[in-house]
Every structure is written in structure tokens, then in C-alpha cells.
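Engineer: The structure under discussion is supplied below as C-alpha cells; questions concerning it will follow.
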Amino acid sequence: MGKVFGLLMIVLGVWLAMEYANGNAPFQTARADGEDASIIKRSGSKVQNAYDQGSARVDDLLEE
């Protein structure tokens, strides 16, 4: 019985890790504004916003 329980825990651990790696946190809570609370998705959007702001700054500096 212990081997079955151990195997089940390993399978669940791998599944949970894959869900978090894909940004689909299975136990995430929804925020009030309806956006996902996934850390990976929020981090990705912050990085994209920073990249866009940097590109805009470079374009402004090149025009001068």
C-alpha cells in the first residue's frame, strides 16, 4: 500500500509541477478584476510592458 501511495504522490507532484510550468496554476484564485492570478502570466506581461517601454524610449532618443 505504501508503494502505491508513493507512486501516486510522485505522479501528482509531476502533474502539479507541469501545470505551474505552463502557467496554469490549478489552485489559483481569481482576482477581483477577473484577471488570472498566475505569477508566470503576470511576470510575462510585466516583462513585455518593460520591453515595450524600452523600445519607445529608444525610438524617442533616435528621433532627437
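Engineer: Return the pair list, or none, for Cβ contacts closer than 8 Å from residues in segment 43-64 that are closer than 28 Å to Tyr20 by Cα and without any contact (Cβ under 8 Å) to a residue 40 or more places away in the chain to residues that are surrounded by 10 or more Cβ atoms within 10 Å (Cβ to Cβ) and not hydrophobic (A, V, I, L, M, F, W, C), at least 6 apart or on different chains.
Structural biologist: If the second residue must be surrounded by 10 or more Cβ atoms within 10 Å (Cβ to Cβ) and not hydrophobic (A, V, I, L, M, F, W, C), the pairs left are Gly44/Gly23.
Engineer: Still on this structure: Of all residues being part of a helix (DSSP H, G or I) and of a type in the set (Phe, Trp, Tyr) in segment 4-27, which is modelled with the highest pLDDT? Just the residue, please.
Structural biologist: Phe5
Engineer: Give Ala56, Ala30 a once-over and let me know the one that is out of contact with any helix residue (DSSP H, G or I) (no Cβ under 6 Å at 6 or more places or on another chain), modelled with pLDDT of 90 or more and at negative phi.
Structural biologist: Within the list Ala56, Ala30, the selection yields Ala56.
The values are calculated or read from the model by the stated rules, or taken from the named source; none is laboratory data. Given the structure is predicted, the values throughout are model-derived calculations rather than measurements. Positions of Cβ are backbone-derived with ideal geometry, glycine not excepted, and every protein chain shown enters the neighbour counts.
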